[in-house]
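The values are calculated or read from the model by the stated rules, or taken from the named source; none is laboratory data. These numbers come from a predicted model, not from an experiment. Please note: Cβ atoms are built from the backbone with ideal geometry, for glycine as well, and neighbour counts cover all protein chains shown. Quick note on the areas: whole protein, heavy atoms, side chains included, nothing else; ligands and nucleic acids left out. Shrake-Rupley method; radii C 1.70, N 1.55, O 1.52, S 1.80 Å.
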Amino acid sequence: QVRLVESGGGLVQAGGSLRLSCAFSGRAFTAYTIAWFRQAPAQEREFVMYIMSGLSTASADSVKGRFTISRDNAKNTVWLQLNSLKPEDTAIYYCAAAPSAFTSNRPATYENWGQGTQVTVSS
């Protein structure tokens with residue numbers, strides 16, 4: 001059974017940076033795409049970025065040029081670097097895993113989710 005544990009959230013001023021981590025366990029890490037989603041209060045969960053085991057990535061337009069995603073297949077970990085943060089980036093950030101063949105930017109594709117980590121950006 002896949003287990004995902006996020007860490008690294010916090011409170012930061014606009015323009016600041018944070019680095020989120022997602023630790024994966026329970027299955028062969030290289031068989032999975034790892035995605036980050038976020039959900040603000042009263043909003044639907046939205047796609048942020050994903051990274052495949054071969055390091056191909058995709059990102060939402062809202063974060064292009066500001067966020068980067070990386071993974072270390074030897075450490076079973078994915079990182080999401082958040083730069084130039086804006087108040088509208090405030091949300092709970094979740095990492096999710098799906099077998100590579102099911103890679104997408106839709107939350108419904110992902111069966112495995114972490115508990116989330118709060119990111120708050122003050123103006």
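Relative contact order, whole percent, for region 23-123 stands at 30, derived from Cα pairs under 8 Å and 6 or more residues apart. Placing +1 on each Lys and Arg Cβ and -1 on each Asp and Glu Cβ, with no other charges, gives region 1-60 a dipole about its Cα centre of roughly 160 debye.
For F67, which sequence-distant residues (separation of 5 or more, or a different chain) have an amide H within less than 5 Å of its own amide H, given hydrogens modelled in the peptide plane? Correct list: N83. Taking the protein heavy atoms of the chain in the context of the full set of protein chains, the accessible area attributed to carbon and sulfur is 47 percent at 1.4 Å. Region 1-18 and region 81-108 have Cα centres lying 11 Å from one another. Each residue, S70 and R19, gets one label point 7 Å from its Cα in the Cβ direction; the gap between the two is 0.7 nm.
The residue list G116, N76, Y50 was ranked by how far each Cα lies along the charge dipole of the chain toward its positive end, using unit charges on Cβ atoms, and N76 comes out on top.
Over the chain, accessible surface divided per residue gives 50 Å², non-protein components excluded, 1.4 Å probe. Dipole magnitude for the chain: computed about the Cα centre from +1 point charges on Lys and Arg Cβ and -1 point charges on Asp and Glu Cβ, it is near 220 debye. Taking Cα pairs under 8 Å and at least six residues apart, what relative contact order does region 40-88 come out at, in percent? Result for region 40-88 is 25 percent. Give, as ranges by residue number, the residues of region 76-117 whose backbone N falls under 17 Å from the point 7 Å along Cα→Cβ of S53. Answer for region 76-117: 76-78, 96-104, 111-112.
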